[in-house]
Amino acid sequence: MNYLEEMKNWKNTPTKDKLLIKEMKKVNEKNAEEYFGKTMTFGTAGIRGILGAGTNKINEFTIAAAAYAYAATLLKESPIVKKMGLVIAHDNRQNGAFFAEITARVFDHLGIKTYVFKNNEMAPTPLLSYAIRKLRAAGGVNITASHNPKEYNGFKVYSAQGSQLMSDITNKISKLMNKINFLKVPYGLYKPTFISPNLILDYIKDVLSIRKRGNDRKQLVVIYSPLNGTGAKVAPYIFQKMDIEYYEVKKEMKEDPLFKGLKSCNPEDEGSFSRSIKLAKKKSADIIILTDPDADRVGLAVRTPSGSYKKINGNQTGAIVLNHLIRTKQFTKKGYIAQSIVSGNITKEMAKRKGFSVIETHVGFKNIAEAIRKDPENMIMGYEESYGQLIDQEISRDKDAFQGLVMLVEAANYLKTQNRTLLDELNLIGRMYGFHTSTQISKQMNDEETEFMLQKLASTKLIAGLHVDESLNFTKGEVNGLESAKLVKIILENGSWIAMRPSGTEPKVKFYIETVGQTQKEADKLVKQIIAFINGLIPSFKKQNKEVNKLSEADMEFSSRTRTVELSTKNDEQENIEAKKEISSNQEDDFRDEEIKQENLSEQAIKPELTQVENKKIVEPEFSFDTISPIPSEQTPSQMDPKEVEQTKELMLKQKQEKAQEETTLFDFEEEFFKTQVTKDNNGHEEK
């Protein structure tokens with residue numbers, strides 16, 4: 001079916017999706033390819049994209065197809081899914097409640113019990129994870145685009161553990177979704193079981209139970225914003241129970257799918273703190289806490305001696321939380337922290353000094369959750385550099401902004417009782433474990449540039465005057481027990497490192513950088529030098545590309561059959577300007593020995609928390625779809641190396657032969673789905 005026929009079918013199919021109806025009016029034969037030339041595919045965590053019309057946007061029909069593919073795949077794994085049920089949640093985004101209802105109707109058609117939060121109200125991601133575990137459900141779905149702009153929404157899938165599904169299952173879901181006609185997904189009735197509000201109260205009680213110093217006198221002043229998202233459902237109650245003086249950013253406490261007036265709904269962006277900083281200055285607040293729209297990530301800013309506010313990054317918040325845990329808890333030799341391979345080394349150094357281990361995983365909190373699943377009892381903390389934290393794995397198995405909030409607020413309050421701040425804490429950590437600076441930069445790159453940059457970085461021997469100590473090239477295969485991936489990480493002789501990872505959804509590459517220095521200024525200076533090095537690689541690619549263009553006509557003809565080279569037209573001058581952005585470093589280099597002594601004394605004087613909060617141990621679900629099945633990444637053939645091309649051709653031939661042997665029979669219920677004529681209601685939906 002071509003895109004013109006697809007367009008006609010979509011125009012003739014009834015829908016209640018108001019955004020879809022509005023945009024379909026703009027679609028015509030001239031622009032139809034823009035809407036129907038590509039198809040939305042199921043990725044490693046689900047689907048996420050811009051809301052709108054067509055097969056490559058988020059709308060009623062793409063959500064329904066994703067829901068069917070997810071539920072049908074789970075049913076094939078085990079029929080017990082019907083009885084155990086699936087939990088559905090959504091955040092504040094456009095069409096969130098509507099998509100949750102569509103998902104519930106698809107599940108009902110397949111005979112699956114469905115749980116929805118009361119009145120289909122928005123709910124945070126960690127609460128969804130908690131509900132799956134408490135209700136002993138077979139999994140769940142969250143309608144969210146997390147921290148993406150207002151134009152986005154998505155469909156994120158979960159396992160019976162309350163963690164995001166691993167690739168072995170999502171690959172099967174993706175395969176099935178590719179076979180589905182988006183317009184013919186069958187619906188049942190909307191008859192969910194509503195989750196009791198008591199479950200939310202239980203969650204808050206359990207989160208509060210992770211406190212270590214509940215008896216400290218309360219001196220802290222906090223500004224809080226949920227950025228118009230789901231955090232407003234939980235955070236105020238936590239602050240009240242902690243007896244902390246806090247002030248809400250009123251305009252950002254309201255549920256708003258359009259995020260009106262917000263510069264950004266991503267706590268990693270400086271703009272997300274704009275309103276909060278204004279209120280913080282009025283109230284002379286000590287810290288600012290933000291949670292992103294689905295409340296799986298927590299952002300932090302701290303008041304400086306001058307009265308301004310400094311944003312603390314994810315690696316720094318991870319170090320603060322870990323130091324607070326070290327200060328207040330004894331760990332066994334089997335204890336470990338789990339973090340992604342692009343998260344900071346400061347926590348690794350802290351773990352080494354304190355005698356517990358570090359488990360590194362690939363990017364994505366689902367990989368951290370998988371590591372925790374294998375040894376839940378000895379987990380100390382799970383974290384990633386993008387503000388994701390998990391302290392108590394029994395409560396949830398995904399990033400939990402509220403657990404991070406409790407730890408950061410408690411740590412800041414304790415320090416204030418000692419006439420210290422979180423900036424003082426970071427300076428102390430730097431003096432004890434080394435000064436670290438971490439940052440990220442993104443570059444727009446096509447596939448050819450990305451491939452060149454990955455291999456160029458992997459073969460680099462000297463960066464900013466420092467020798468490369470180790471090159472971890474995951475594009476070539478398994479490294480240190482981690483499966484192959486589109487990722488290269490370079491470790492320098494002084495412990496600094498650079499990692500490069502392409503986006504899986506857009507022509508963009510992210511560079512992660514962490515530097516180490518004897519002072520903070522030294523670490524900051526090295527970051528600037530590394531950014532300049534990265535910017536210098538793109539001109540190298542252009543020079544290499546000119547040499548490729550000098551190939552003979554025969555070589556060029558062969559090359560065109562393997563891959564089309566797209567010459568970069570980026571403005572290098574603008575990128576170099578980006579490299580010169582100031583790296584904020586307000587931390588002082590000198591920290592009084594008396595305060596270090598005070599820190600040691602305070603550790604000895606720790607008393608157990610007087611207020612005990614009941615923490616019911618959650619029994620691990622018997623049913624799980626989480627199994628390990630490493631999926632090797634696809635290798636892109638190189639135009640410059642005929643040997644690699646020949647190897648690629650042999651691999652493609654082998655894959656083609658294997659594919660011909662695969663069974664193509666669909667599930668029994670799939671066959672019924674594709675063959676049976678359906679009866680539709682007035683809205684064009686099939687009634688069960």
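The values are calculated or read from the model by the stated rules, or taken from the named source; none is laboratory data. The shown structure was predicted, so the numbers you read here are calculated from the model rather than taken from an experiment. Don't worry about glycine lacking a Cβ; one is built from the backbone with ideal geometry, like all the others, and counts go over all protein chains shown.
Which residue out of LEU135, LEU128, LEU75 is more than 23 Å from LEU201 (Cβ to Cβ) and either of a type outside the set (Val, Ile, Thr) or at pLDDT below 95 (or both)? Please lay out each step first, then the result.
Working: LEU135 fails: more than 23 Å from LEU201 (Cβ to Cβ); LEU128 fails: more than 23 Å from LEU201 (Cβ to Cβ).
Testing whether each residue is more than 23 Å from LEU201 (Cβ to Cβ) and either of a type outside the set (Val, Ile, Thr) or at pLDDT below 95 (or both) leaves just LEU75.
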Condition (residue is in the same structural domain as ILE326 (by TED's automatic domain parsing), outside any helix (DSSP H, G or I) and in contact with a Phe, Trp or Tyr (Cβ under 7 Å, 6 or more places away or on another chain)) applied to the stretch 438-446: is it met by at least one residue? no
Taking ASP108 as meeting all but one of (1) surrounded by fewer than 24 Cβ atoms within 10 Å (Cβ to Cβ); (2) more than 26 Å from THR13 (Cα to Cα); (3) in contact with a Gly (Cβ under 8 Å, 6 or more places away or on another chain), write down the number of the exception. (2)
Does any residue in the stretch 387-411 that is on the phi > 0 side of the Ramachandran plot come within less than 6 Å, Cβ to Cβ, of a residue that is surrounded by 24 or more Cβ atoms within 10 Å (Cβ to Cβ) and at pLDDT 95 or above six or more places away or on a different chain, and which pairs are these? TYR387/PRO267; TYR387/ARG297; TYR387/VAL298; TYR387/GLY299; TYR387/GLY314
With GLY335, GLY364, GLY314, GLY344 as the choices, which residue is surrounded by fewer than 23 Cβ atoms within 10 Å (Cβ to Cβ) and under 11 Å from TYR383 (Cα atoms)? GLY364
Search the stretch 231-274 for residues being among the acidic types (Asp, Glu) and within 18 Å of LYS150 (Cβ to Cβ), and hand back the single one that is surrounded by the most Cβ atoms within 10 Å (Cβ to Cβ). GLU252
Return yes or no: is LYS525 in a helix (DSSP H, G or I) and either surrounded by fewer than 20 Cβ atoms within 10 Å (Cβ to Cβ) or free of Cβ contacts under 8 Å to residues at least 12 places away in the same chain (or both)? yes
So how many residues does the stretch 447-462 have that are over 28 Å from TYR387 (Cα atoms) and either modelled with pLDDT of 90 or more or surrounded by fewer than 20 Cβ atoms within 10 Å (Cβ to Cβ) (or both)? 7
Just one of (1) more than 24 Å from ILE287 (Cα to Cα); (2) out of contact with any Asp or Glu (no Cβ under 9 Å at 6 or more places or on another chain); (3) crowded, with 21+ Cβ neighbours inside 10 Å trips up GLU384, so point out which. (1)
Return yes when SER471 is modelled with pLDDT of 90 or more, surrounded by fewer than 21 Cβ atoms within 10 Å (Cβ to Cβ) and in contact with a helix residue (DSSP H, G or I) (Cβ under 7 Å, 6 or more places away or on another chain) and no when it is not. yes
Consider only pairs whose beta carbons are under 6 Å apart and that are at least six residues apart or on different chains; among these, list those whose first residue lies in the stretch 297-309 and is assigned by TED's automatic domain parsing to the domain that holds TYR387 and in contact (Cβ under 8 Å) with a residue 24 or more places away in the chain and whose second residue is surrounded by 13 or more Cβ atoms within 10 Å (Cβ to Cβ) and of a type in the set (Asp, Glu). ARG303/ASP286
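Taking the residues in the stretch 509-522 that are buried (at least 17 other Cβ atoms within 10 Å of the Cβ) and among the polar types (S, T, N, Q) as candidates, determine which candidate is nearest to the chain's Cα centre (by Cα).
Of the residues in the stretch 509-522, the ones buried (at least 17 other Cβ atoms within 10 Å of the Cβ) are 509, 511-517, 520.
Applying the additional criterion that residues be among the polar types (S, T, N, Q) yields 515, 520.
Details: THR515: 23, GLN520: 28 Å.
Here the residue is THR515.
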